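Everything on this sheet refers to the single structure shown next.
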Amino acid sequence: MNSTKRVFLLLSLSIALGATLAIVALELNAQQAKTQQAIEWLDNPRSLASFSLESAAGEFTNQSLMGHWTIVLFGFLHCPDICPTSLAQLSRLSAALTENSGKHDVTFVFVSVDPGRDSVAELSQYLQYFDTSILGVTGNEVQLKRFANSLGVRFEVSANKEDYSVAHSIKFSIIDPAGLFRGRFSPEFDTSGLARDLIANLE
């Protein structure tokens, strides 16, 4: 092989290697950006309207949110797919938080917006299948709306009284130890990355 061909080959290999490294770097940056953007942190934390709901452990109010971080998910027991999937994600997130920090002071709350069919006892029993640390709460429509609206969550019960359905927002809401609404994230998230983001911001 003459010197010209050797130089051309080396140049081609260098270009190919550089392009490969650039692609890898772009993919890593994209993944990092995706992880960083998984949680939508509010620039200005919001206070919550006063509310009073019920759990198997007793009354659940604004005071129940004080002194620890809380992640809230709204749904209902007759939800066919997205609610069970989201609850399974909460369970994995709890495990990831423990794995990354050794322990965590985060309370997980599932709020049923279907009090006509979901009693606190049924909620408690159902949630055992996902994670024993998830607290199930519900209440009358007025109180549910007050809590949901404070977190930017919407829900609507269909007019059919016999076999009705419930439409609701699918967002996980983050509440800080002062009882303020601090952020939210969607169900489709990387568990490990989101756990690291939470740990970094919850300290």
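The values are calculated or read from the model by the stated rules, or taken from the named source; none is laboratory data. No experiment lies behind these values; they were computed from the predicted model shown. Note that each Cβ is placed from the backbone with ideal geometry, even for glycine, and that neighbours are counted across all protein chains shown.
Any residue at all in the range 136-155 that is in contact (Cβ under 8 Å) with a residue 40 or more places away in the chain and within 25 Å of R196 (Cβ to Cβ)? Looking for residues that are in contact (Cβ under 8 Å) with a residue 40 or more places away in the chain and within 25 Å of R196 (Cβ to Cβ), one finds at least one in the range 136-155, hence yes.
Can you pull out the strands (runs of 3 or more DSSP E) entirely within the range 47-146 that have at least 2 residues that are surrounded by 20 or more Cβ atoms within 10 Å (Cβ to Cβ) and among the β-branched types (V, I, T)?
Passing ranges, in order: 69-75, 106-112, 134-138.
With the structure loaded, tell me whether E27 is assigned to a strand (DSSP E or B) and either at pLDDT 95 or above or outside the structural domain of S133 (by TED's automatic domain parsing) (or both) or whether it fails that test. No: the conditions fail for E27.
For R92, are the conditions met, namely being basic (K, R), under 15 Å from I71 (Cα atoms), touching a residue at least 12 places away in the same chain (Cβ under 8 Å) and assigned by TED's automatic domain parsing to the domain that holds S47? Spelling it out, R92 is indeed basic (K, R), under 15 Å from I71 (Cα atoms), touching a residue at least 12 places away in the same chain (Cβ under 8 Å) and assigned by TED's automatic domain parsing to the domain that holds S47. Restricting attention to the range 173-203, the residues that are touching a Phe, Trp or Tyr at 6+ places or on another chain (Cβ under 7 Å), part of a helix (DSSP H, G or I) and either among the aromatic types (F, W, Y) or more than 21 Å from L65 (Cβ to Cβ) (or both) total 0. Please verify whether T61 is without any contact (Cβ under 8 Å) to a residue 12 or more places away in the chain, over 17 Å from the mean Cα position of the chain (by Cα) and within 21 Å of I174 (Cβ to Cβ), treating the condition exactly as stated. It is true that T61 is without any contact (Cβ under 8 Å) to a residue 12 or more places away in the chain, over 17 Å from the mean Cα position of the chain (by Cα) and within 21 Å of I174 (Cβ to Cβ). Out of all the residues in the range 125-142, which are farther than 22 Å from F51 by Cα and of a type outside the set (S, T, N, Q)? Y126, L127, Y129, F130, D131 - these are the residues of the range 125-142 that are farther than 22 Å from F51 by Cα and of a type outside the set (S, T, N, Q).
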